[in-house]
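The values are calculated or read from the model by the stated rules, or taken from the named source; none is laboratory data. Bear in mind the structure is a predicted one, so any value in this text is a computation, not a measurement. A quick note on method: Cβ atoms are made from the backbone with ideal geometry, for glycine too, and the neighbour counts reach across all protein chains shown. The protein model used for the area step is the full one, side chains on, heavy atoms only, and it has no ligands, DNA or RNA in it. Shrake-Rupley method; radii C 1.70, N 1.55, O 1.52, S 1.80 Å.
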Amino acid sequence: MKKLTRVLAVLIVLFLGLKFSPYGYIIKGIAGAYLDGHSSAHIYDREHFDQRDIPVINAQTLPEATFERTLDPDIAATLEDFDTKGLIVIENDSITYENYWDEHGPSTISNSFSTAKTVITLLVQIAIQDGYIGSWDDLITDYIPEYTIPAGTATPTLRHLSTMTAGLKAKENYKNPLNRTTAKLYYGDDVVDLALTIPPGKNPTGEVYEYQSIQTQLLTIALSRAVGESIASYANRELFAKVGFESQATWHLDSDGGLELGFCCLNASVRDFAKLGQLVLHHGYKGEHAIVDSTFLAMATTGYKSPYYGHSFWIYPAPYDYIFGFRGMLGQDIIIDPRHNRTVVRVGQHRGKKTIGDFNEMEAALLRQTDLWDAQ
């Protein structure tokens with residue numbers, strides 16, 4: 001009994017020491033990942049975070065096609081192997097395939113991970129159209145004047161942050177719990193304080209593509225200050241309600257009443273993610289109403305300093321380089337195929353091994369499936 005008491009005492013001391021150390025965020029990471037049976041963040045981890053609710057304002061349902069697509073048996077097995085939870089295909093504005101696995105359903109919301117980066121870029125463009133932001137070439141210090149730029153380093157613009165060319169002194173690492181610009185950015189309780197400690201200067205500003213989540217978080221800070229309200233509130237009024245979100249969404253916050261984790265954590269349903277894809281597919285229009293400028297979208301879906309990455313949109317490698325979309329960790333995908341008037345949305349827990357560049361086996365399976373459909 002005494003030995004057990006001593007062990008518990010040691011554990012308590014270690015816990016308190018960790019909690020009040022610079023690595024206190026690890027406790028939240030352990031609870032949100034390992035204690036949930038995962039080795040990293042997962043699509044249902046929102047219960048471990050403060051969140052901002054995004055209520056339904058203008059629900060619109062997606063029409064169903066007069067025919068239904070089926071999956072090739074081998075591809076269906078691959079998707080199940082990668083723990084796919086939801087898959088929807090929209091062609092010519094109607095659902096041709098929709099399926100869910102386990103307890104996931106049409107109204108289940110899950111973490112978008114980095115697909116949220118593309119949403120933030122859409123919101124910045126809307127804020128430019130609304131007059132809150134001057135242009136994509138505004139300096140980040142126009143909106144975050146306390147952000148320190150090292151001597152001899154050019155100040156990044158909003159465009160540089162959207163295209164991952166700001167050259168910040170950061171390294172993306174999702175597995176290292178001590179990494180400041182991924183693990184602490186995700187699980188920490190003050191993303192503004194953290195983001196402002198990561199200066200540019202690793203690469204010449206605007207010249208080199210390097211994917212860094214901290215760049216989108218800086219863009220999120222600038223956007224929130226420019227519009228003078230929460231990201232979730234602005235997004236709901238100016239984007240989600242206009243495309244017809246039909247399930248209540250949420251957005252992870254860094255703390256109670258804090259700032260949205262713009263680099264990752266919009267939680268929404270598969271159907272509502274699909275509506276964002278449909279908006280981009282239709283050049284920023286919902287019916288006859290323009291929501292996002294079509295000229296901007298044409299530019300944004302073209303490679304900038306990488307052939308695979310534009311203004312927060314990914315461009316797929318040849319022979320699929322006419323396809324682009326939103327992409328997130330674990331294979332959260334909104335795939336937009338303008339050639340075949342198609343949007344494919346997949347959410348799940350695994351993405352498989354990498355194939356070309358950052359692209360993965362799960363996406364390759366989906367693209368093979370669309371080839372099979374197109375050949376029918």
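Points worth noting:
- Split the accessible area of the stretch 178-258 by element, probe 1.4 Å, and carbon with sulfur accounts for 47%.
- Carbon and sulfur %, accessible surface of the stretch 280-359 computed with the full protein complex present, 1.4 Å: 54
- Taken one residue at a time, the phi angles of the stretch 328-344 give Karplus couplings (6.51, -1.76, 1.60, θ = phi - 60°) of x, 3, 6, x, 7, 9, 10, 9, 10, 10, x, 5, 10, 6, 10, 10, 10 Hz. Gly and Pro are set to x.
- Pairs from LYS242/LYS286; LYS171/LYS202; LYS117/LYS305; LYS171/LYS353; LYS117/LYS171; LYS85/LYS242 whose Cα-Cα separation, in the structure shown, is over 19 Å: LYS171/LYS353; LYS85/LYS242
- For the stretch 287-376, GluC sites (Glu not before Pro) meeting the loop criterion (DSSP other than H, G, I, E, B) and having at most 16 other Cβ atoms within 10 Å: GLU288.
- Candidates PRO63, PRO317, PRO199: whichever shows maximal mean-square fluctuation once the chain is modelled as a Gaussian network with Cα springs under 10 Å: PRO63
- Per residue, in Å², the accessible surface of the chain once ligands and nucleic acids are set aside, probe 1.4 Å: 42
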